[in-house]
Structure formats: structure tokens, C-alpha cells
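Each remark here refers to the structure printed beneath this line.
Where a number appears in this text, it was derived from the coordinates with a stated rule and is not lab data. Predicted model only: the values in this text are computed from it and were never measured. Cβ placement follows ideal geometry from the backbone for every residue including glycine, while neighbour counts extend to all protein chains displayed.
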Amino acid sequence: MSFRFSKKEKQKQQQGKESDDDRQGSFLDYTAGQYAFFDIGGVYNDPRGPIRHFTISSSPTEDFIMITTRIRNTPYKRRLSSLEEGTIVKVRGPQGKFVLHDDYSKPAVFLSGGIGVTPFRSMIKYATDRQLPIRIVMFDSNRNHENTLFKKEFDEYVNKNRNLKIVYTITEEEQQQGAQDTSFSPTRQQWTGERGRIDKAMLTKHLTDEEIRNSIFYTCGPPVMIKAMQDLIQNDIKVQKDRIKVEEFTGY
């Protein structure tokens with residue numbers, strides 16, 4: 001689920017404490033890819049506490065703050081999923097260095113797993129809106145077609161951004177329950193992306209030798225996926241450690 005919060009500091013507006021210029025500003029200036037801490041209030045007896053940090057999946061070019069997360073049966077997530085429109089939340093941040101590099105002559109290669117796509121959504125949206133002169137290639141791995149987050153948006157960004165390429169791959173085969181079920185779920189023939197985990201063959205198929213030599217590689221996802229991607233990048237395609245950026249999601 002994705003949640004959008006207004007960027008305006010409404011509480012101050014209601015109290016009349018800000019100037020006209022303040023009304024035009026936002027309360028959270030962040031760089032695409034960073035995260036922040038969200039205190040949504042009303043969270044009790046959560047083993048991880050009443051505050052969580054989330055990557056900001058929106059872009060600084062958008063007029064809202066968006067977070068995207070899996071909803072699990074925890075006090076915090078139950079409270080988050082039931083927030084009503086108009087609820088005021090406290091946000092502390094931004095933090096994090098998992099952001100686009102400054103030298104746009106070097107391509108960016110994103111290796112994403114599941115919910116780890118959230119910082120890449122922010123970066124890609126920002127690069128597209130600003131028409132940044134940077135080549136971006138994202139490999140987006142998900143369990144199946146239905147779990148591919150933001151795909152409709154990403155496909156639109158590819159049409160708007162000639163420097164953007166996205167390679168989708170799914171790691172589970174579609175379950176075939178019988179011929180009568182084929183009209184209810186995507187079939188193997190309907191999926192046009194890659195299949196299987198991101199590996200050396202997939203990278204070398206979609207990246208040029210020059211892109212492999214010069215790119216900055218970013219990987220984000222659960223710890224097991226991160227370790228596999230680091231091994232792949234460093235050992236299989238021989239990318240130096242200083243050209244690798246990592247953001248680990250230890251829990252959602």
C-alpha cells in the first residue's frame with residue numbers, strides 16, 4: 001500500500017504563524033532516494049516501537065510525500081492502514097545517502113528486489129521530471145506479475161525518458177490450475193519480461209560492456225537479495241566496490 005501526505009505544514013497555517021512565503025514551501029526538503037521517520041500516533045505495544053522509518057517513494061518534484069510498504073499484522077501497520085484523511089503525522093528527516101551520484105556521465109544501474117524498488121521509484125520519477133542527462137537501467141525482480149510494483153508508472157516514464165530502460169523479471173512460474181483458468185491470470189505467453197533471478201547472463205544481455213565498466217550500481221532489497229547482488233556485481237562482473245551503493249531493508 002502507498003500512503004500520501006500533504007507537504008504543507010497545515011498546523012502552522014491554521015494557527016497563522018507563517019508568512020506568505022512559508023505557505024509556498026514544504027516542510028520536508030529531501031533528495032530522491034532518502035528516507036524519514038514517521039510518527040503516526042496511536043501505536044501501542046508494537047515490538048519495534050511507535051515510530052518507523054520508510055524510504056520516501058515520491059519524488060521531490062511531486063506535491064506530496066509518499067511512502068510504500070507491505071501491510072503486516074503489527075500494531076504500527078494496522079494503525080497506518082487505517083489512517084483517515086486529514087490525520088496529522090510527525091516526520092523527522094530526511095536521512096540517508098542512497099541517492100543518485102552527481103556525475104551524470106556515469107550511467108546508473110539499479111538492481112531492485114520487491115519492496116526495495118521504492119527509492120528507485122523516487123529517483124526515476126525525479127530524473128524523468130527533470131529530464132536529467134543520465135542513463136538509467138533498472139533490473140526489477142519480483143515473485144510474479146501481480147507483485148511488480150509501480151509497473152504502470154514505470155512504463156509511462158520509459159515513454160517520457162529516452163535515457164531510461166527497465167528490465168522486469170519474475171522468479172516464480174505462474175501456477176497453472178488447468179486450461180479453464182487461463183483466462184483469469186497471466187499466462188506464461190502473456191509475460192514478455194525476463195524470468196528467474198538477476199544473474200550475470202541477464203546483466204550482460206541488457207548492459208553494454210561500456211555500461212558495465214562505467215556505471216554506478218545500486219541495489220536495494222531484503223538482506224539475502226542484497227548479498228546475492230553484491231556477490232554478482234563484485235565477483236561475476238568485476239565491479240569495484242567504490243562503484244556499488246547498497247540500501248538494505250531489514251524489515252517492512
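Counting only other residues whose beta carbon sits under 13 Å from that of K151, what net charge do I get with K and R as +1, D and E as -1?
Numbers: positive: R121, K152; negative: D140, E146, E153, D155, E156.
It works out to a net charge of -3.
Contour minus end-to-end for S81 and D46, with contour as 0.36 nm per residue of separation and end-to-end as the Cα-Cα distance? Could the numbers behind the result be given before it?
Numbers: separation 35, 0.36 × 35 = 12.60 nm, distance 1.47 nm.
Full-extension gain reported as 11.1 nm.
Which of the pairs K7/K77; K77/K97; K125/K241; K205/K238; K200/K241 have their Cα atoms more than 24 Å apart in this structure? Present the calculation step by step, with values, prior to reporting the outcome.
Working: K7/K77 22 Å; K77/K97 26 Å; K125/K241 27 Å; K205/K238 16 Å; K200/K241 17 Å.
Those over the limit are K77/K97; K125/K241.
May I have the convex hull volume per residue, in Å³, for the Cα set of segment 108-248?
Numbers: hull volume 16.0 nm³, N = 141.
Expressed per residue, the convex hull around the Cα atoms of segment 108-248 is 113 Å³.
From the backbone phi of segment 100-117, what are the Karplus-calculated ³J(HN,Hα) couplings (6.51 cos²θ - 1.76 cosθ + 1.60, θ = phi - 60°) in whole Hz, Gly and Pro given as x?
4, 6, 7, 7, 6, 6, 9, x, 10, 10, 9, 10, 10, x, x, 5, x, 6
Take the Cβ-Cβ distance between L28 and K160 as r, set R0 to 25 Å, and report the resulting FRET efficiency rounded to the nearest 0.05.
Working: r = 25 Å, r/R0 = 1.02.
Efficiency computed from Cβ-Cβ geometry: 0.45.
Relative to the present Cα-Cα distance, how much length would full extension add between W191 and I237 at 0.36 nm per residue of separation?
Value of the extension gain: 13.8 nm.
For segment 71-175, what log10 I(q)/I(0) values come out of the Debye formula at q = 0.11, 0.13, 0.22 1/Å, with one point per alpha carbon and no solvent?
The Cα Debye sum returns log10 ratios of -0.46, -0.63, -1.17.
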